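Written below as C-alpha cells is the structure these notes are about.
The values are calculated or read from the model by the stated rules, or taken from the named source; none is laboratory data. In this text the structure is predicted, and so the values were computed from the model without any measurement. FYI the Cβ positions are ideal-geometry reconstructions off the backbone, even for glycines, and counts take in every protein chain you see. To get the accessible areas, we keep the full protein, side chains included, count just its heavy atoms, and leave off ligands, DNA and RNA. Shrake-Rupley method; radii C 1.70, N 1.55, O 1.52, S 1.80 Å.
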Amino acid sequence: MAHNPRYLRRLLLIAAAAAFIYIQVRLFSTQSSQDAGRVLHAEADQPDLPVAAVVIMACNRPDYLQRTVESILKYQKAVASKFPLFISQDGTNGEVKNKALSYAQITFMQHVDLEPVHTESPGENIAYYKIASHYKWALDELFIKHNFGRVIILEDDMEIAPDFFDYFEAAAKLLDTDKSIMAVSSWNDNGQKQFVYDPKVLYRSDFFPGLGWMLTKSTWMELSPKWPKAYWDDWVRLKEVHGGRQFIRPEVCRTYNFGEHGSSMGQFFDQYLKPIKLNNAHIDWNSEDLSYLTEDKFLIKFGKDVANATPVRGSDDLLKAHNLDVDVRIQYNDQSDFERVARQFGVFEEWKDGVPRAAYKGVVVFRYESSRRRIYLVGPDSLRQLGV
C-alpha cells in the first residue's frame, strides 16, 4: 500500500495544498500589516481638521478690508490650518476684488446679484437687503459647498484681539456639546472701557450680539431655508428664531469695530463703538475651564451673584451705586424704566423682541467705572427666572 502510486499522488497533493495555504496566510498577514501601517501613517500625516472657516464679508471698502485682513493675519499665521481664511465680496468693486486677490493665503469668493432689489416698504435702504442676500449665499457656500462644520463671520471693518482664535477654539467645544447655545460671539454691546474689567469672564446672553460670531453647520441648515430678505441680525434676535437658545459673549471684546462709515451711516459709533475696549491680555484659553457656561451651572452661579448684590432703590440710581463699594442690583419695571436707568449709566438702552441688549433672563450686567464692582439691572421677573 505504501508503494501505491495513487496513494503517493494523493499525499503529494495534500502536502502541496497545505504549503499553498500556509504561503497565502503568510502573504495575507504581511499585506494586512503593511496596509494597517499605511493607514496609521496616513492618519498621522493627515493635517488637523479645521476648527472653523473664517470669512470676511466685504463689499466696496478696500481700505477697510486691508486694515481688517492685516489685523487677522497678524494672529492667524500660527493657526492657519485650523482657521482657513476666506473673503466674500458682494458686488463688483474692482479695488476690493484686487485687494482680496492680492492675499495668496486667502480664498476669494464673489457674490454678484444684478437683480433689482424690491424693498418691503418705500424708502428703505436697499443695502440691508443686499447684505442679507450676501450672508445667505456666503454661508451656503462655506457650509454646503465646502462642508465646513463651523464658520466664524467677520466684517470688513473689524480688528481682532491677540487671543481671538484661541477663544473661538475653546468655545467651539462648548458650542458642539451644549445644544442650548446657538452661537458664540466675540462682542459685548456694553464692552466700552468703563464697563469692563476681567478679560477671562464670559457670559450667556438671550440677545444675539453678532459682530464676530461662530455657528455650526447644523444651526445654519436650520436657518438657511427661512433666512430673511433684510435685517438678518434683528431676525436672529427674534424668540421664534432662536427658540430660547442663548449666545456666549465675553466681558471684554475680542473684536473692535472701526466702521464709522457704512450701511448704518455711523449710527451710535461715537457713543457705543469707538470707546469699545479690545482685549490685549494674554489668556491661555486651553487651560480655562468653561464648564461654568453650561446651562444649568451658569443659571445657578449667575443667580447667586445677582441675589448677593446689594439692592438699590430710588430715583438717583447712579449716585447710590457710586456711594456703595459693593456689587449692586437695580430693578427696573418695564422697557421705559430700563431706558431711564440705562441712560444714567450710559449703557445700551435698546431692546429687541422684549430683550435688552446683552441681557440674560432680563438682567444686564456691567462693571462700574472699570472696577471689579458689578451693576446688575434686573427685570421685574428676573429673580423668578433665576430661581432666587
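Overview of results
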read-out	value
Cα-derived Rg over Rh, computed across region 53-279 with Rh taken as Kirkwood radius	0.93
Computed lengthening from SER121 to LYS226, 0.36 nm per intervening residue step minus Cα-Cα distance	35.8 nm
Protein accessible area in the chain, 1.4 Å probe - carbon and sulfur %	54 percent
For region 53-279, accessible area per residue (1.4 Å probe, heavy atoms of protein chains only), Å²	41 Å²
Rounded tilt (10° steps) of 5-45 against the dominant C-alpha axis of the chain	20 degrees
Principal axis dimensions, largest first and in whole angstrom, of region 294-386 by Cα	35, 29, 22
Nearest 10 degrees, 0 to 90: helix 335-345 Cα axis against the chain principal axis	80 degrees
Modelled FRET efficiency - R0 35 Å, ASP270 with ASN147, Cβ distances, 0.05 increments	0.25
Estimated distance in nm for a label pair at ASN333 and VAL79, the labels positioned 7 Å out from Cα along Cα-to-Cβ	4.8 nm
Degrees separating the helix 164-177 axis from the principal Cα axis of the chain, which is the longest one	70 degrees
ASP198-ASN286 FRET efficiency (beta carbon distance; Förster radius 22 Å; 0.05 resolution)	0.75
Gaussian network model of the chain, Cα within-10 Å springs - most flexible of VAL151, VAL364, VAL312	VAL312
Using distinct alpha-carbon pairs, which all enter the 1/r mean, Kirkwood radius of the chain in Å	23.9 Å
Given charges at beta-carbon only (K, R positive; D, E negative), |dipole| of the chain in Debye	1600 debye
Average accessible area per residue (Å²) across region 280-369 - probe 1.4 Å, nucleic acids and ligands excluded	51 Å²
Alpha carbon centroid spacing (whole Å) that separates region 228-257 from region 82-113	25 Å
